[in-house]
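The values are calculated or read from the model by the stated rules, or taken from the named source; none is laboratory data. Keep in mind that this is a model prediction, so the values were computed, not measured. All Cβ positions, even for glycine, are placed from backbone atoms using ideal geometry, and neighbour counts span all protein chains on display.
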Amino acid sequence: MSNANPLPSQELLRELYDYNPDNGVFVRKTKTGTRKAKPMLSARYRNSRIDGVMYKTSRLIWMWVYGQDPKNMYIDHINGNKADNRIKNLRLVSSLENARNMRLYKTNKTGIPGIDIHRGKYRVRIKINGNEIFLGNYEDLDEAIAVRKKAEQHFGFHKNHGNFVLAA
């Protein structure tokens, strides 16, 4: 996230917003004043605008709670719901870790990430550090799933990887 704007200070965020860590609600305290903080919802993430600058709300919450700007790290929504900003659902991760907790692509026909049907067999692959690793072709879907899950564990993928279907 090297292109992310530096976040406002924890002090300013606490002046502008109230946050409930149990339900993830992050609301501005006032609509008036020179600093306007307006929450908005994008297609996937909740965003907030402060002094004309747009921020991902999850990043503001991280700063509000911990007083730490995530800078070039990512805020991962553990359960895959980008609108769920409960602090227990947020974790600070690298780009690589964030990619290992991805949703399943809606074009996936098998329901399992990294497994597709090729010439009547289940082809199993996994992408590591930008390189695709071929794990084999299998007649049995259960066997293909077991091979893929073992590779995910070996390479440190999050347990939720692929458990969510992407919205249209």
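Just checking, how many residues over the stretch 99-138 are touching a residue at least 12 places away in the same chain (Cβ under 8 Å), of a type in the set (Ser, Thr, Tyr) and surrounded by fewer than 18 Cβ atoms within 10 Å (Cβ to Cβ)?
So the answer is 2.
Looking at the stretch 64-82 only, could you name the residues that are surrounded by 20 or more Cβ atoms within 10 Å (Cβ to Cβ) and out of contact with any Lys or Arg (no Cβ under 6 Å at 6 or more places or on another chain)?
64, 74, 77 - these are the residues of the stretch 64-82 that are surrounded by 20 or more Cβ atoms within 10 Å (Cβ to Cβ) and out of contact with any Lys or Arg (no Cβ under 6 Å at 6 or more places or on another chain).
I'd like the full set of residues that are of a type in the set (D, E, K, R), in contact with a strand residue (DSSP E or B) (Cβ under 9 Å, 6 or more places away or on another chain) and not in a strand (DSSP E or B), limited to the stretch 117-149.
Matches in the stretch 117-149: 119, 139, 140, 143, 148.
Only one of these conditions is not met by residue 51: (1) modelled with pLDDT of 90 or more; (2) more than 22 Å from the chain's Cα centre (by Cα); (3) surrounded by fewer than 17 Cβ atoms within 10 Å (Cβ to Cβ). Which number is it?
Answer for residue 51: the failing condition is (1).
Which of the residues spanning the stretch 1-31 are of a type in the set (D, E, K, R) and modelled with pLDDT under 90?
28, 29, 31
Being touching a residue at least 12 places away in the same chain (Cβ under 8 Å) and among the small types (Gly, Ala, Ser) is the filter; apply it to the stretch 44-98 and report the residue that is farthest from residue 8 (Cα to Cα).
80
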